[in-house]
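Quick notes on the structure that follows.
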């Protein structure tokens, strides 16, 4: 049996980290070593985690996600190290299936809700060509429309995968990494304090990177970073360093920052909470914090239209944009928005 370590990087999220460890243990079939690196610089957080994890490392300062992984690696005994945010809840046998994939790096299917209906979007590797594509879209409404349809088609293709499949990118929220592959790559690059560290690692690691749809986890979406006032600046800093390292920084300078509402034309329409008047096998319902749907969660079929309370309880924004899209053509059939303060009512778009 493959030995497994769970490595959680915590930042002012001890209760979430405890839940991640609990669900990991409850749903794994074998022994699981649990290691937590606490970046909070808060004795209360550290004490809350002692007795829950096998090993708790109190970082002398905020090491960032990459630095936390490198610091925790030294205490991980497993052949496979499941690196995780604290805001993750593991589904039945998720860790077992990731370890059994036999890949250098394996990632699970991530869902926004407890029922595993709302699928989270695939990760972007942020290559030079992807940066150029985004730059052109920022300067041309026609290009933006075509890019939006391409990205929708890519999401549908990703959500439709039903067996372990090689991919270029995975979400850094949960990654099962072979210890030997992690060490051979020299660990994570600590110059990326927050964001882009997994993109950089996946471009350096040797071996297969595999998406395992049968391994299911719920991701509560950016709970630690969302509470940090430094997150936007750290994102910009990491993006610049990443593009400087891998290419795309020059192109990035030509990106126009339009208001989100101008990035992509929106369909008109307002609907209630009843099922949409379309065949369930032909419709994808998407929800996004962005009116442009640059990124979006989604599910197939029209039997679930409303946003469940367990999503609203963890969502940090005030408005969610939704749309019904024809799965085959990418045509937007209806679009609407939901406001946190209205809960259960739609808004005209």
Q: Report the label-to-label distance for residue 340 and residue 250 in nanometres (one decimal), using points 7 Å from each Cα along the Cα→Cβ vector.
A: 4.3
Q | At R0 = 30 Å, FRET efficiency that the Cβ-Cβ distance of residue 316 and residue 41 yields, to 0.05 | A | 0.85
Q: Nearest 5 is fine: what % of DSSP beta bridges in the chain come out antiparallel, could you say?
A: 60
Q. Rounded if a/c is under 1.5, else prolate if a/b is larger than b/c, else oblate: which is the stretch 80-216, with a ≥ b ≥ c the root eigenvalues of its Cα gyration tensor?
A. oblate
Q: Compare 40, 138, 282 in a GNM of the chain, Cα atoms joined below 10 Å, and give the one with the largest fluctuation.
A: 282
Q: Please work out how much length the chain gains when fully extended from residue 61 to residue 204, using 0.36 nm per residue of separation minus the C-alpha to C-alpha distance, in nm with one decimal.
A: 48.8 nm
Q | Computed E for residue 79/residue 230 - FRET, C-beta separation, R0 35 angstrom, nearest 0.05 | A | 0.50
**Q.** Between the stretch 62-140 and the stretch 286-329, the Cα center-to-center distance that results, in Å
**A.** 21
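No value in this document is a laboratory result; all are computed from the given coordinates. Since the structure is predicted, the reported quantities are computational estimates derived from the model, not experimental observations. Cβ coordinates were reconstructed from backbone atoms using ideal geometry, including for glycine residues, and neighbour counts include every protein chain displayed.
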